[in-house]
Amino acid sequence: MQRPEARVRNDVRQRRVAAGLSQRELGEQLSVSRQTVNSIETGRYDPSLPLAIAIARRFQTTVEEIFHVDP
């Protein structure tokens, strides 16, 4: 029996906007493109573990506080 694929939601957009950052600015801080930030925010791309950790550190929180797995 196959398990349904888990979906990952995230709060990157909300935290970025609250910090007053554009997608370009956040991308520069994380050494990724604006398009990568957009893809993460819209759920089209799940970041690698090192990038997820970098995002969490940028917002001074944990990966689990930003990324949420839905069954």
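The values are calculated or read from the model by the stated rules, or taken from the named source; none is laboratory data. These figures come from a predicted structure and were not determined experimentally. Methodologically, a virtual Cβ is constructed for each residue, glycine included, from the backbone with ideal geometry; neighbour enumeration extends over all protein chains shown. Calculation scope for accessible area: heavy atoms of the full protein, side chains included, ligands and nucleic acids excluded. Shrake-Rupley method; radii C 1.70, N 1.55, O 1.52, S 1.80 Å.
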Requested in this report: Evaluate the chain: find the radius of gyration of its Cα atoms, find its Kirkwood radius, and give the ratio Rg to Rh.
Outcome: 1.00
Query - Accessible area in square angstrom per residue, the chain, 1.4 angstrom probe - result: 71 Å²
Requested in this report: Enumerate the amide H contacts of Val8 below 5 Å, restricted to partners 5 or more residues apart or on another chain; note that Pro and chain-start residues carry no placed amide H.
Outcome: Asp70
Requested in this report: Compute the FRET efficiency between Val8 and Glu28 as 1/(1 + (r/R0)^6), taking r as their Cβ-Cβ distance and R0 = 25 Å, and round to the nearest 0.05.
Outcome: 0.55
**Report entry** Helix-derived mean residue ellipticity, 222 nm - over the chain, DSSP H n ≥ 4, -39500 (n - 2.57), to 500
**Finding:** -13500 deg cm²/dmol
Requested in this report: Quick one: pull the percent of accessible area on the chain belonging to carbon and sulfur, 1.4 Å probe, ligands and nucleic acids left out.
Outcome: 49 percent
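Suppose a student asked you for the relative contact order of the chain, using Cα pairs under 8 Å spaced at least 6 residues apart; what percent would you report?
It rounds to 44 percent for the chain.
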